[in-house]
Amino acid sequence: MKITNEAKLLRIFIGETDKVGHVSLYERIIIEARKAGLAGATAYKGIMGYGGNSRIHSAKILRLSEDLPIVIEIVDSKEKIDAFLPAIDQLFEASSSGGLITLERAEIIKYFTNKNDKA
């Protein structure tokens with residue numbers, strides 16, 4: 001897969017407990033990104049954060065949160081990211097979850113792939 005220097009970074013902020021049916025929303029987003037042939041996607045679990053309701057979610061030992069923040073980052077060409085956005089909208093509608101989606105310009109320095117990886 002070849003990506004030129006100019007790309008887009010799609011960043012999605014959700015909660016750890018957000019689900020589509022019985023599957024985590026972050027898992028569904030990454031699976032759909034792979035099905036769409038996007039270059040890559042990564043989900044990160046935050047240790048502290050808050051969203052639209054201003055409720056603090058934290059991983060502190062004395063106050064274990066069951067809904068830590070999750071950030072999903074997906075990088076690919078503008079065209080492929082734009083084509084993927086309707087799938088994100090559908091997943092959010094199916095989940096009834098809140099969240100934040102941002103889109104930024106990204107510059108690809110080098111994109112390494114393992115040519116032997118068939119998974």
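The single residue among PHE84, PHE112 that is out of contact with any His (no Cβ under 8 Å at 6 or more places or on another chain), at pLDDT 95 or above and not in a strand (DSSP E or B) turns out to be PHE84. Considering only residues in segment 3-39 that are part of a loop (DSSP other than H, G, I, E, B) and in contact (Cβ under 8 Å) with a residue 60 or more places away in the chain, the one that is surrounded by the most Cβ atoms within 10 Å (Cβ to Cβ) turns out to be ASP18.
Entry remark, segment 77-96: residues being over 14 Å from LEU38 (Cα atoms) and in contact with a helix residue (DSSP H, G or I) (Cβ under 6 Å, 6 or more places away or on another chain) number 2 in total.
Check segment 52-67 and report whether any residue there is outside any loop (DSSP other than H, G, I, E, B) and either at pLDDT 80 or above or of a type in the set (Asp, Glu) (or both). No, segment 52-67 has no match at all.
The values are calculated or read from the model by the stated rules, or taken from the named source; none is laboratory data. Small disclaimer: the values here were computed from a predicted structure and weren't measured. Cβ sites come from the backbone with ideal geometry, for glycine too, and all protein chains shown count toward neighbours.
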